[in-house]
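I have placed the structure first, in the form of structure tokens, so that the comments after it can refer back to it.
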Amino acid sequence: MAIQLTTYYQSKDIPPLPGENTFHSTELFKIYEATPGYTPMLIVARKDKKVKGKILAATRTQKKLFPPAIIKRCVIYDQGDFFCNSQNEQESLFGFMLEHLTKEALRNAFIIEFRNLSHAKFGYRFFRQNGYFPMNWLRVRNSLSKNKSIEKDFSPSRRRQIRKGIKNGAIAREAQSNEEIKTFAEVLKKNYSSKIRKHFPNQTFFRNMKKVFTKDKSKIFIVTYKDKIIGGSACIYSKESAFLWFSGGLRKSYRTMFPGVLAVWIALKDAKQRGYKYLEFMDVGLAFRPHGYRDFVLRFGGRQSSTRRWFRFRWKWLNKAFIKLYI
């Protein structure tokens, strides 16, 4: 029997599905669905009524100040969740699903982007066949060894800053209430410069991270000083890894508290305590361009490695120009 594809646009239509990849879960679909500015799409492949793979994509509205524009970007984290016996079978199924996803996404989105791929070479042939072009990207992740403390790999200045921040009265802990999560989102939104990431979701996204996810698949940490939230971080957990999705702090107003440093430290500390093997920092920038956030997180002892992001523009002439430029 041939592979059958079903595309879901509303969570109420999605039946129970297998899988451990949080980036392609029904739970994350529901979070996107409830967040203003996001439109999710879940593609499920079945053979003989058995689920063989699924890919979750989310189209988000992005406003640009210069040049003034509103762009719809379809983003996919990792390559998908597949239930096949071999790598070749997975890639063939991915190619079949990618063709369908590309047609569906480009109806509304101006650009499609695959990011944070588990394997940089996965699906290369099928990306190219569907008109995508790659850009070299960097990833930074910390190995959370059971045999040593996380601070051992930190730079001396990082260890000093953590001690100073705690001594000066800063407290790093998990957020407990919706009010704390709301304030956390407000603090990070005001201080999220383009040096870290241009897009920052509506606070509904963070409230639903705590509400919708089960089995501790996400956590939000806050840094407080005299009961005021001055920083924090948001993590998502998938398989053996923790992913630090957003982090930041009021470093200018509370310089001696080092809120941004403590926000990362508490995320690393918690991930190690819970038995995760790695913590990966999401979106650390292009390989050929200096990136302040990447320089910041590397002082926590993580390893830098090369990966790819794949892009596809709706405009064929623009897509061809980028293909000539990067391939």
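Within 10 Å of each candidate Cβ there may be at most 12 other Cβ atoms; applying that plus a DSSP loop requirement, which trypsin sites (Lys or Arg not before Pro) in segment 18-108 survive?
K49, R107
Run lengths n ≥ 4 of DSSP H only: what is the helix-derived mean residue ellipticity at 222 nm for the chain, with -39500 (n - 2.57) per run over all residues, to the nearest 500?
-9500 deg cm²/dmol
Let me know the Kirkwood hydrodynamic radius for segment 91-216, please, with Cα pairs as the basis and the value in Å to one decimal.
Over segment 91-216, the inverse of the mean reciprocal pair distance is 19.4 Å.
How much length is gained on full extension from Q87 to A120, taking 0.36 nm per residue of separation minus their Cα-Cα distance?
Between Q87 and A120, full extension yields an extra 10.5 nm.
Mind checking which aspartates and glutamates have their C-alpha under 19 Å from K316, skipping anything on the same chain fewer than 8 residues away?
Answer for K316, where 19 Å is the Cα cut-off: E99, E104, E113, listed by chain and number.
With everything on Cα atoms, drop me the angle between helix 316-326 and the longest principal axis of the chain, reported from 0 to 90° to the nearest 10.
So the inclination is approximately 60 degrees.
Where both residues lie in the chain, what percent of DSSP beta bridges are antiparallel, nearest 5?
Close to 90 percent.
Please give me, ordered by residue number, the chymotrypsin sites (Phe, Trp or Tyr not before Pro) of segment 226-327 that lie in loop per DSSP and have at most 12 other Cβ atoms within 10 Å.
Sites meeting the loop and neighbour criteria: F288, W315.
Within the chain, what's the longest run with no GluC sites (Glu not before Pro) in a DSSP loop and at most 16 other beta-carbon atoms within 10 Å? Give the range, please. Intermediate values should be presented prior to the final figure.
On the way: sites that count: E20, E240.
Answer - 21-239.
Report the per residue volume, in Å³, of the convex hull enclosing the C-alpha atoms of segment 1-48.
Cα convex hull per residue, to the nearest whole number: 78 Å³.
Taking segment 178-258 on its own, what percent of its Cα-Cα pair distances exceed 20 Å?
32 percent
Do the alpha carbons of any pairs in K182/K219; K210/K269; K54/K269; K52/K121 sit beyond 23 Å of each other, and which pairs?
From the list (K182/K219; K210/K269; K54/K269; K52/K121), the Cα-Cα distance tops 23 Å for K54/K269.
Relative to the compact-globule scaling 2.2 N^0.38 Å, provide the ratio for the alpha-carbon radius of gyration of the chain.
The value comes to 1.01.
Which aspartates and glutamates, if any, have their Cα less than 18 Å from the Cα of K190, not counting same-chain residues under 8 positions apart?
Of all the aspartates and glutamates, those that pass the test against K190 - Cα under 18 Å, at least 8 places apart if same chain - are E179, E180.
FYI, it's all coordinate maths here, none of it is from the lab. All values reported here derive from a predicted model rather than from experimental measurement. Note that each Cβ is placed from the backbone with ideal geometry, even for glycine, and that neighbours are counted across all protein chains shown.
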